[in-house]
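Structure record follows, encoded as structure tokens.
The values are calculated or read from the model by the stated rules, or taken from the named source; none is laboratory data. In this text the structure is predicted, and so the values were computed from the model without any measurement. Neighbour counts run over all protein chains shown; Cβ positions are idealised from the backbone, glycine included. Just the protein is used for accessible areas: all its heavy atoms, side chains included, with ligands, DNA and RNA removed. Shrake-Rupley method; radii C 1.70, N 1.55, O 1.52, S 1.80 Å.
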Amino acid sequence: GFPKPGSPQIRGPQPSCPRCRGCTDVVCCVLLVLAILGYVVVGGWGGFDHGVITLCPPAWTHGDPRKVIHPTDSRGQFCGQQGTPNDPGPAPRRRGVHPNSPRSPAAPHLPVQICVSKCPDRYLTYLTAHGNAASLEYYRNFCTPEFKDSRKAPIEVLKDKECPAMLIPSTPLARRCFPAIQAKKGVIMVGNETTYDDGRGRRRNVTELLEGAKKANVVLETRQLAMKIFEDYTVSWYWIIIGLVIAMVASLIFIVLLRFLAGIMVWVMIVMVILVLGYGIFHCYMEYAKLKGEAGSDVSLTDLGFQTDLRVYLHLRQTWLAFLIILCVLELVIVLLLIFLRKRILIAIALIKEASRAVGHVMSSLLFPLCTFFLLCLCIAYWASTAVFLSTSNEAVYKVFNESACSFSGQTCKPETFNTSNVTKLCPDAQCLFAFYGGETAYHKYLIVLQFFNVFMFFWLANFVIALGQVTLAGAFASYYWAFKKPDDMPAFPLFSAFGRALRYHTGSLAFGSLVLAIVQVIRVTLEYLDHRLKAAENKFAKFLLSCLKCCFWCLEKFIKFLNRNAYIMIAIYGTNFCTSARNAFFLLMRNIIRVAVLDKVTDFLFFLGKLLIVGSVGILAFFFFTQRIKLVQDTAPPLNYYWVPILTVIVGSYLIAHGFFSVYGMCVDTLFLCFLEDLERNDGSAEKPYFMSQNLRKLLKKTNKGQPEA
């Protein structure tokens with residue numbers, strides 16, 4: 001707020017005055033900076049490696065995202081990667097796809113995997129290939145490097161798991177070989193054949209392979225679906241963009257029209273509700289009168305008891321009488337609320353209209369959600385990359401596996417020195433195979449702690465970014481309200497000024513509020529994880545307690561979000577610390593609880609109507625266009641595999657765009673509402689304490705500024 005020119009005694013809250021502010025919640029600001037530095041250390045620039053402080057990032061030094069993307073063989077070595085022992089084999093062949101493939105008795109859950117240059121393209125068993133030199137040479141491509149003696153008995157080769165018992169025609173997908181399963185006219189085929197030779201002279205049906213390759217078939221079908229969806233996007237992306245632009249223009253027009261149509265829409269809806277309830281009362285009375293004298297219609301509900309067929313109740317007069325009484329009570333309550341809350345509804349409509357004017361004077365606020373979205377994307381990207389690096393920073397662990405009794409079974413081993421160790425002498429059939437990714441260093445032991453810290457920092461930073469956006473918008477709209485002469489007394493760039501004030505003076509307060517919310521959200525995530533782990537548990541009391549805790553923390557999160565939002569508005573207005581702002585905002589709202597409820601419901605209704613109108617109209621337009629039902633542009637619509645792909649994209653995108661516009665508008669309404677309540681409590685219309693509200697609001701409340709011309 002600014003003094004009116006020539007009247008320096010007129011002063012109100014001054015959200016745009018840098019001299020009136022100081023740094024708030026400095027301790028939380030320092031804590032946030034230290035946490036961010038620690039986050040950078042964990043994910044990006046420094047680290048703790050084997051008990052020694054290094055300048056290498058722990059996650060990005062130990063982590064290897066290739067473990068997520070690229071497959072490995074049974075020794076934990078990458079396939080098809082330069083500089084690895086398996087270079088240049090691009091695809092691994094998983095032995096054990098067929099249910100009869102041999103597995104290690106010591107580790108039956110670990111099928112042997114090898115890297116191959118290409119996937120097999122034919123049916124072939126080792127028994128068949130063993131008697132044919134050309135087939136055996138082809139078969140070598142799918143055996144382990146240890147297989148060298150072709151004269152070795154087949155039973156010994158299969159026992160030592162040097163070669164798979166059988167090859168199946170496969171298709172490469174994501175650098176992995178999957179059985180080439182397809183269905184032609186309802187007939188299941190693998191490699192264009194319906195039967196295969198099992199190596200014993202018998203032909204078997206390929207359906208016997210389905211159980212072992214069911215998931216692989218799902219992956220292949222998903223791949224085909226994804227390719228078709230991608231093709232639809234390549235031919236329809238520009239039309240999708242046009243649809244989203246239409247949604248953006250429609251959202252902007254709706255916000256502008258709220259200045260003129262808000263009151264009409266609200267009152268029309270209220271009248272429609274009253275009329276619908278009135279028709280319901282009339283219909284219930286007519287049904288009640290029609291059943292008079294009919295057999296069985298006078299049976300009471302208590303005598304009838306519970307019936308699974310609910311239509312039975314519609315033949316009773318008592319049912320329609322109950323409906324009639326309920327609707328009459330609702331109608332009476334709504335009419336009484338309108339009589340006693342009429343003025344508050346008018347105030348809510350006036351504030352919504354005033355918010356439309358404020359947005360019109362701060363048009364840059366409509367684009368500010370893009371800045372918040374960009375910062376949130378950075379938080380998500382850093383969290384996701386750090387999580388991937390942390391989850392892939394384990395080292396390959398090798399274990400001793402054997403088929404006979406051995407004292408070394410299950411112990412850790414090293415493939416480089418295994419053949420020269422005492423294990424092979426004492427246990428000739430023992431093998432040193434890759435077991436899993438893990439580690440025994442201090443870094444690996446605390447990986448779960450680092451992952452937890454990564455999740456916590458993601459919630460903290462994401463909430464901080466959202467808080468920064470809220471306090472920036474609140475500061476811009478507060479400068480509009482507390483300008484005595486609108487818009488002349490507003491700062492030149494209200495949005496950028498509010499953003500600078502928020503970062504310069506109130507980073508600590510934003511960190512405080514987002515920290516409290518982040519703690520609650522992390523607890524909720526932990527409870528969801530425990531609930532997932534306890535699904536198979538039989539302890540009903542534990543499940544009940546967990547459900548109660550989840551419900552309580554969900555309510556707590558909603559309350560904290562509501563409190564934080566209003567606290568940020570008070571911070572933007574007065575520049576006080578978080579606790580003071582939260583306390584003042586809470587008690588201010590509690591003193592005007594009826595006004596809060598009315599404004600909240602009226603605003604929710606308008607936003608719901610706006611989103612429904614925008615998303616529905618753009619979605620219907622997209623449906624008629626992409627299904628080629630608009631004759632004028634019938635030849636312009638692109639040919640599609642699935643017309644629902646661009647339609648759903650336009651609908652979801654339209655909703656997000658409308659939500660972004662209305663989130664700015666909602667913040668404007670909440671800010672002006674708190675300013676309005678403060679204005680009523682702090683000012684009395686005198687020359688020293690004039691009202692800063694608009695002329696329409698003053699007329700509605702029958703308030704005047706004595707000795708001051710109307711703004």
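Could you tell me whether the stretch 395-438 comes out rounded, prolate or oblate from its Cα gyration tensor? Rule is a ≥ b ≥ c as square roots of the eigenvalues, rounded for a/c under 1.5, then prolate if a/b exceeds b/c, otherwise oblate. Could you put the intermediate results ahead of the total?
Details: a/c = 2.48, a/b = 1.49, b/c = 1.67.
Oblate.
For a quick check of understanding: with a 1.4 angstrom probe and all protein chains in place, what accessible area in square angstrom does M286 have, to the nearest ten?
Around 90 Å² of this residue is reachable by solvent.
Heavy atoms only, probe 1.4 angstrom, no DNA, RNA or ligands counted: give me K343, K535 ranked by accessible area, highest first.
Solvent-accessible surface, decreasing: K535, K343.
Lys and Arg at +1, Asp and Glu at -1: add these up for the other residues within a Cβ distance under 15 Å of S547 and post the number. Each step should come with its number before you reach the end.
Details: positive: R524, R533, K535, K540, K543, K550; negative: E528, D531.
Surrounding charge for S547 is +4.
Please give the per residue accessible area of the stretch 395-438, computed with a probe of 1.4 Å over protein heavy atoms only, in Å².
Averaged over the residues of the stretch 395-438, the accessible area is 59 Å².
To the nearest 10 square angstrom, how much accessible area does L517 have with a 1.4 angstrom probe?
For L517, solvent-accessible area is about 10 Å².
If r is the Cβ-Cβ distance from A396 to K561 and R0 is 45 Å, what FRET efficiency results, to the nearest 0.05?
0.50
Provide S686, S581 ordered by accessible surface of protein heavy atoms (probe 1.4 Å), highest first. Don't skip to the answer; put the middle values down first.
Values: S686 25, S581 0 Å².
Result of the area sort, largest leading: S686, S581.
Between E395 and residues 5 or more places away or on another chain, which pairs have amide H atoms under 5 Å apart, with H built 1.01 Å from N, and which residues are they?
G438, G439
Might you work out the accessible area of F389 for me, using a 1.4 Å probe with all protein chains in place, and round it to the nearest 10 Å²?
Rounded to the nearest 10, that gives 40 Å².
Between A597 and K414, how many nm apart are label points set 7 Å from Cα along the C-beta direction?
For A597 paired with K414, the spin-label model returns 7.4 nm.
Between I325 and F230, what is 0.36 nm times their sequence separation minus the Cα-Cα distance? Round to one decimal in nm.
Numbers: separation 95, 0.36 × 95 = 34.20 nm, distance 5.68 nm.
Extending this stretch completely gives an extra 28.5 nm.
Which lysines, if any, have their Cα less than 30 Å from the Cα of K702, not counting same-chain residues under 8 positions apart?
K4, K343, K353, K485, K486, K601, K689
Report the calculated FRET efficiency for L367 and M590 (r = Cβ-Cβ distance, R0 = 30 Å), to the nearest 0.05. Write out the running numbers ahead of the final one.
Working: r = 35 Å, r/R0 = 1.16.
Efficiency, rounded to the nearest 0.05: 0.30.
Roughly speaking, to the nearest percent, how much of the stretch 468-627's 1.4 Å accessible area is carbon and sulfur?
71
Per 0.36 nm of contour for each residue apart, how much would the distance between V245 and I620 grow if the chain were fully extended, relative to their Cα-Cα spacing?
Residue separation times 0.36 nm, minus the Cα-Cα distance, leaves 133.5 nm.
Using heavy-atom solvent-accessible surface (probe 1.4 Å) with all chains present, what is the largest-first order of S135, S407, S356?
Per-residue accessible area, sorted high to low, gives S407, S135, S356.
Residues with amide H under 5 Å of T195's amide H, sequence separation 5 or more or different chain, H placed in the peptide plane at 1.01 Å from N; which?
V206
State, to one decimal in nm, how far the label point of I380 lies from the label point of K550, with both points 7 Å from Cα in the Cβ direction.
Inter-label distance under the simple model: 2.4 nm.
Leaving out ligands, DNA and RNA, and with a 1.4 Å probe, what % of the accessible surface on the stretch 395-438 is carbon or sulfur?
54
Each label point is 7 Å from the Cα along the Cα-to-Cβ direction; what then is the distance between the points at A542 and F260, in nm?
So the two model labels end up 6.4 nm from each other.
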